[in-house]
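Engineer: Below you'll find the structure I mean.
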Amino acid sequence: MEEHSKTLWKPGTMIYPLPAIMVSCGETVEEHNIITISWLGTICTNPPMCYISVRPERHSYPIIKRTGEFVLNLTTEDMAFATDWCGVRSGKDFNKFEEMKLTAGTASAVNAPIIKESPLNIECRVKEVLALGSHDMFIADVVSVQADERFIISETGQFDMKAANLIAYSHGHYYKLGEEIGKFGWSVQKKQ
């Protein structure tokens, strides 16, 4: 194996790529808002739990903190412009659903809206808020998931992530996902 030199950097958040997620929140139509977040992840499978990290000065922060609910809306290539726009504009100044011509739908288990254009909506209820520094972490239970039926593989019932054309975020840039190079366990799978 070829050896490469390393350069020492100051500590920072260089864990990339990440999902580019539109988080919807708010209990009423007047309060509905969307914030784009990449600092999020899975915490636990059973019970299903995730987290989002939000700066307290963001418009969505007090809405999520007060209501204790939000929806993670996966984003696609078709939603890339709206994903970025909702991340750089404030809900104090704009109705993001109207400006980006997105449809607020009814969630099945929380009062926050889903984004109907998203292929997968993950409804969350906040369990705990951790103040960590620049961001607070909202630890949440996943209480429901809505999937666009166009992307459900009929033979297996699985969600077809590739067909959904999901996007990712990496250090200030958005990317479409590439071709599959393997699946979980392929490195130890018996050769046929």
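Every number here is computed from the coordinates shown, using simple stated rules; none is lab data. Note that the coordinates shown come from a computational prediction; the quantities given were computed from them, not determined experimentally. Positions of Cβ are backbone-derived with ideal geometry, glycine not excepted, and every protein chain shown enters the neighbour counts.
Engineer: Would you please state which residues of the range 153-192 a label at Thr7 would reach in this model, taking the label point 7 Å out along Cα→Cβ and a backbone N cut-off of under 19 Å?
Structural biologist: 171-173
Engineer: Ok, one more. What shape does the range 135-176 take by its C-alpha gyration tensor, where a ≥ b ≥ c are the square roots of the eigenvalues and a/c under 1.5 counts as rounded, a/b above b/c as prolate, and the rest as oblate?
Structural biologist: Oblate, since a/c reaches 1.5 and b/c is not below a/b.
Engineer: Kindly provide the helix-only [θ] at 222 nm of the chain, computed as the sum of -39,500 (n - 2.57) over DSSP H runs of four or more divided by all residues, to the nearest 500 deg cm²/dmol?
Structural biologist: The helix-only estimate for the chain comes to -2500 deg cm²/dmol at 222 nm.
Engineer: Report the relative contact order of the chain, percent, no decimals, based on alpha-carbon pairs under 8 angstrom and at least 6 residues apart.
Structural biologist: 23 percent
Engineer: Something else now. Given that just one value was derived from the coordinates, which of (1) 18.7; (2) 18.0; (3) 16.8 is Kirkwood radius over Cα pairs in Å?
Structural biologist: Matching the structure shown: (2).
Engineer: Here's something else I'd like to know. What does the charge count around Glu77 come to, taking other residues whose C-beta lies under 14 Å from its C-beta (Lys +1, Arg +1, Asp -1, Glu -1)?
Structural biologist: Charge balance in the 14 Å sphere: -1.
Engineer: Among the lysines in the range 18-176, how many pairs, 8 or more places apart or on different chains, have alpha carbons under 17 Å apart? The partial results should precede the final answer.
Structural biologist: Numbers: Lys65/Lys92; Lys65/Lys127; Lys96/Lys116; Lys101/Lys116; Lys162/Lys176.
Step by step, the pairs that qualify in the range 18-176 add up to 5.
Engineer: Beyond 17 Å, what share of the Cα-Cα pairs of the range 1-63 remains, rounded to the nearest whole percent? Please list the in-between numbers first.
Structural biologist: Values: 1187 of 1953 pairs.
Looking at the range 1-63, the distances longer than 17 Å represent 61 percent of pairs.
Engineer: What is the spin-label model distance, in nm, from Tyr16 to Arg150 if the labels are put 7 Å beyond Cα along the C-beta direction?
Structural biologist: Placing both labels 7 Å along Cα→Cβ, they lie 3.0 nm apart.
Engineer: Moving on to the next point. Determine the distance separating the Cα centre of the range 1-42 from the Cα centre of the range 48-122; give it in Å without decimals.
Structural biologist: 14 Å
Engineer: Sort Leu40, Leu8, Leu72, Leu130 so that the residue with the fewest other Cβ atoms within 10 Å of its own Cβ comes first and the one with the most comes last.
Structural biologist: Placing the least packed residue first, the sequence is Leu8, Leu130, Leu40, Leu72.
Engineer: Order of His173, His135 from fewest to most other C-beta atoms within 10 Å?
Structural biologist: Fewest-to-most ranking of His173, His135: His173, His135.
Engineer: On to the next question. Place a +1 charge on the Cβ of each Lys and Arg in the range 18-176 and a -1 charge on the Cβ of each Asp and Glu, then give the dipole magnitude about the Cα centre in debye, rounded to the nearest 20.
Structural biologist: I would put it at about 320 debye.
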